[in-house]
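Below you'll find the structure, written out as structure tokens, and then a few comments.
Just so you know, all these numbers are worked out from the coordinates, no wet-lab data involved. Remember, it's a predicted structure, so these values are computed and weren't measured experimentally.
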Amino acid sequence: MDFKNLEIHSIKSCSARQARISECSFTDSEIQSCFMDYTRILGSRWGNASFKQMFMEKSLFDDVNLNESSFLNLALLNTVFDNSTLNGAKFQKLAMTESEFNDVNLSGSKFLAANLCNVEIDGDCELEGMKINGIPVEDMLKLYKERYESGEKNISVNEETEK
């Protein structure tokens, strides 16, 4: 069926299985309370779109441009971000407990009012120029290593940095 130049003002309570919709324009439209399980959306433009109260679990976003988008009140439990560019992104009021960062570039990033309790940074991480409270981490680790190797039991970084 071809619906060229057809004006549709309302479609309600319909069911379409294995539908193929292409080359259509739904500008300034609203899609509400629809079930789109196992639906593939390919090569589409969704500029200035709003997705609210959505359940998109187990979805795949591949080769998607989300520049200048906002994500509010999200649940991203057990989500994988792979080969993604998040330059200039701002992360605010996030819960990321038990998260893993592997082969990530955080250079130039700032952590403000962050809870870093029980965070582990392994020996393969590049720490050049990293500071904690204005103190270079490389200097702290060097001082710790020197004192540890000398057998000193009570190692305090503050007394050395205050000299």
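With axes computed from alpha carbons, what is the tilt in degrees of helix 137-149 against the longest principal axis of the chain, rounded to the nearest 10 within 0 to 90?
40 degrees
For the chain, what is the convex hull volume of its Cα atoms per residue in Å³?
Convex hull of Cα atoms, per residue: 165 Å³.
On full extension of the chain, what length is gained from SER15 through ALA113, given 0.36 nm per residue of separation minus the C-alpha to C-alpha distance?
Contour length minus Cα-Cα distance gives 30.3 nm.
Please count, across the chain, the pairs of lysine residues with Cα atoms under 25 Å apart that sit 8 or more places apart or on different chains.
Lysine pair count for the chain: 21.
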